[in-house]
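Single-structure report; data block below.
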Amino acid sequence: AITFLAYTFCDSITFLKKGSFFENLFVITSHAFNCSAITISGVLWTLTPSLFFNQAASSGMIYSEQAGSFTKIGRVVTFSFRITLSNKGSGTGDATITGLPFSAFSGNGNYGTATWTWANGGTVIPERAMITIDGGTSVLRLRFVNSSGNYNNMTHSDFTNASDFILVGTLQAT
């Protein structure tokens with residue numbers, strides 16, 4: 001079997017890619033399509049993650065870096081991003097991150113997930129940390145399992161004015 005990846009651009013050009021070479025180039029002119037609904041598979045896109053506490057912006061929070069990227073192939077979205085704070089502000093409550101361009105599919109047992117790949121600047125990553133994206137949302141919930149085996153959420157106190165971390169993850173989009 002030969003697998004082709006189809007790429008469609010807003011300027012009405014579609015081509016098929018086979019393997020690592022472009023073969024069988026097809027140019028198709030279309031006059032009726034919604035450009036915003038087109039996903040170009042396998043292309044690296046940018047995203048801007050935001051750290052929230054109690055799902056609200058932290059008063060006085062200042063980012064020195066706030067950048068990321070994602071790729072979507074079919075319904076699978078893979079992402080990575082870095083957040084570096086120079087001031088965590090005065091927020092309170094559970095820590096969440098927004099900025100993903102797609103929501104996780106909301107079928108039974110379906111969650112997106114992410115993991116810490118690097119942290120510095122006093123960021124406290126709890127033992128048995130887990131990051132989940134509940135079905136039907138695009139919000140990353142920074143969670144952990146405590147010593148009693150119960151889920152807890154990371155909070156404002158788990159971050160410092162110099163927190164610096166990188167997360168990578170995946171989800172099945174709706």
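The values are calculated or read from the model by the stated rules, or taken from the named source; none is laboratory data. Quantities reported herein were computed from a predicted structural model and do not represent experimental measurements. With ideal geometry, Cβ positions are generated from the backbone for all residues, glycine too; neighbour counts draw on all protein chains shown. Calculation scope for accessible area: heavy atoms of the full protein, side chains included, ligands and nucleic acids excluded. Shrake-Rupley method; radii C 1.70, N 1.55, O 1.52, S 1.80 Å.
Quick look at the numbers
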read-out	value
Environment charge at residue 52 (Cβ cut-off 11 Å; Lys +1, Arg +1, Asp -1, Glu -1)	0
Within-13-Å neighbourhood charge of residue 63 [Cβ basis; K, R +1; D, E -1]	0
Fully extended contour minus Cα-Cα distance, from residue 160 to residue 63, at 0.36 nm per residue	33.7 nm
Residue-normalised accessible area of region 56-98, given per residue in Å² at a 1.4 Å probe	43 Å²
Rule-of-thumb Rg ratio for region 69-174 [Cα; 2.2 N^0.38 Å; N residues]	1.08
